Amino acid sequence: MSARVVITGGASGIGLRLAERFAARGDRVAICDADGVALARVADARPEFLARQADVTDEAQMQAFFDSVEADFGGVDVMCANAGTGGPAGRIETLDYAAWAACLNVNLNGAFLACRWAAARMREQGAGLILLTTSTSGQHGVPHRSSYVAAKWGLVGLTKTLAMELGPAGVRVNAIAPGAVEGERMERVVRMEAAASRLSEEEVRAIYVKGNSLRTWVTADDLADMALFLASAAAQRISGQVMAVDGHTESMVP
């Protein structure tokens, strides 16, 4: 039986690969994204997706998206609270408050809106899975990335708490913690961290590679593999966990 899968930040990167992989196994997929250009490109390529433009920090826009999902799908079985942003880089005394707050707003408050809606629907039906995209930065400190780290640690706490709240209703809640994921988003992070740390981009890339036991970056498919496992019957007793897909992080500093 196909699942009803909802993914925030689904028009590019990890979110798009999740959408493609869930669809490939026969699931119905709804995505939202704040990037209208990227969303239109996905909608043209994958007309079977329910695709809506919505900013995860805008409660009214997200409610309109959720209303569309309920009208078309009648509910949700898997919620991937995936939307995120890298936020500013720099020593904390140099950071702009608005940039700090914007990072927490997208990463943490956006996940709250997705989880709140999904929790109500899943509690009613007595089943479901919520997956939050956190980061290995949500398990370690990272110099010059305080807002991002704080938001991702917040998602870990949210995961643990919602697993406790929703477990008695038959709803599972887990987080996936990517390491350094190949792609344009990570290239932007490398450029930003290089500027903040006064290292070259090549030196920053080398730090990410040597910082994990497998000495490698990960791919969006690695993360989709974990998401599909957690959404399978094989994971029916897994809840409240943060599943790192990172090659085993040893260090996040030079």
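Every number here is computed from the coordinates shown, using simple stated rules; none is lab data. It should be emphasised that the depicted structure is a prediction, and the values quoted were computed from it without experimental measurement. Virtual Cβ from ideal backbone geometry, glycine too; neighbours counted across all protein chains shown.
Numbers for the structure displayed
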quantity	calculated
Given charges at Cβ of Lys, Arg, Asp, Glu: the stretch 153-254 dipole, positive-most of ALA233, SER251, ALA180	ALA233
R0 of 41 Å, Cβ-Cβ distance ALA71-ALA102: FRET efficiency to nearest 0.05	0.85
Approximate spin-label separation ALA120-THR161, in nm, with each point projected 7 Å along Cα-to-Cβ	1.8
Stretch gain in nm, segment GLU250-ARG188, where the contour uses 0.36 nm per residue and the Cα spacing is subtracted	20.0 nm
Förster radius 25 Å - calculated FRET efficiency between GLU201 and ARG91 (Cβ-Cβ, nearest 0.05)	0.80
Options (1) 20.4; (2) 18.3; (3) 17.8 - which one matches Kirkwood radius over Cα pairs in Å as calculated here	(2)
Net +/- balance of residues flanking ALA102 in space, Cβ distance below 12 Å, scoring K and R +1, D and E -1	-2
Viscosity 1.567 mPa s, 4 °C: Kirkwood-radius Stokes-Einstein D of the stretch 58-165 over Cα pairs, µm²/s	87
Within a Gaussian network of the chain (alpha carbon springs, distance under 10 Å), most fluctuating of LEU132, LEU113, LEU223	LEU113
Residue exposure sequence - HIS248, HIS144 - by fewest surrounding Cβ within 10 Å	HIS248, HIS144
Normalised convex hull volume, the stretch 1-79, alpha-carbon set, Å³ per residue	79
At least 24 Å along the helix axis (C-alpha) and Kyte average at least 0.5, DSSP helices within the chain	146-166
DSSP bridge orientation in the chain - percent antiparallel, rounded to nearest 5	5
Of ALA99, GLN139, ALA120, farthest towards positive along the dipole that unit charges on Lys, Arg, Asp, Glu beta carbons give the chain	GLN139
Cα centroid of the stretch 35-109 to Cα centroid of the stretch 135-157, whole Å	19
Residue order, fewest to most surrounding Cβ atoms within 10 angstrom, among LYS160, LYS210, LYS152	LYS210, LYS160, LYS152
